[in-house]
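Accompanying notes for the structure given below.
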Amino acid sequence: MEAIYILITALVLLNIWVISVYIRLCKRLPPVSKEDAEYYDENGNHIYYDRKLIARLKKEKQQGQ
């Protein structure tokens, strides 16, 4: 019975740790503004940095039609 209590305690502490790490990481992310949204397409790809990926996806889409 003691092993179950230890396991439950360990799982609760692990959940608390995961949640705290998640919250800390979210605080470090820069806020998304409307200006930043202009640089992304409808699929979430960055217009400049993902331009090769976007071109490949367009090419595959045209070949599929």
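Note on the chain: dipole from Cβ charges, positive end direction compared against Ile54, Leu7, Ala37; the farthest Cα belongs to Ile54.
Couplings for the range 40-52, taken from phi via the Karplus curve 6.51 cos²θ - 1.76 cosθ + 1.60 with θ = phi - 60°, read 10, 8, 5, 8, x, 8, 6, 4, 8, 6, 9, 5, 5 Hz in order; Gly and Pro are left as x.
A Stokes-Einstein calculation at 4 °C with viscosity 1.567 mPa s, built on the Kirkwood radius of the chain over Cα pairs, returns a diffusion coefficient of 80 µm²/s.
The H on the amide N of Tyr40, modeled in the peptide plane, is under 5 Å from the matching H of Ile47, each at least 5 residues off or on a different chain. The GluC sites (Glu not before Pro) of the chain that meet both conditions, a loop assignment by DSSP and at most 15 other Cβ atoms within 10 Å of the site Cβ, are Glu38, Glu42. In straight-distance terms, cross-link reach from Lys61 covers every one of the lysines whose alpha-carbon lies under 18 Å from its own, apart from those fewer than eight places away in the same chain; here that gives Lys52. Once both axes come from the Cα atoms, what is the angle between helix 2-28 and the longest principal axis of the chain, in degrees from 0 to 90, rounded to 10? Once rounded, one gets 40 degrees.
Helical runs assigned H by DSSP (4 residues or longer) give the chain a calculated mean residue ellipticity at 222 nm of -22500 deg cm²/dmol, each run adding -39500 (n - 2.57) before division by the residue total.
FYI, it's all coordinate maths here, none of it is from the lab. Not measured: the values here are computed from a predicted model. With ideal geometry, Cβ positions are generated from the backbone for all residues, glycine too; neighbour counts draw on all protein chains shown.
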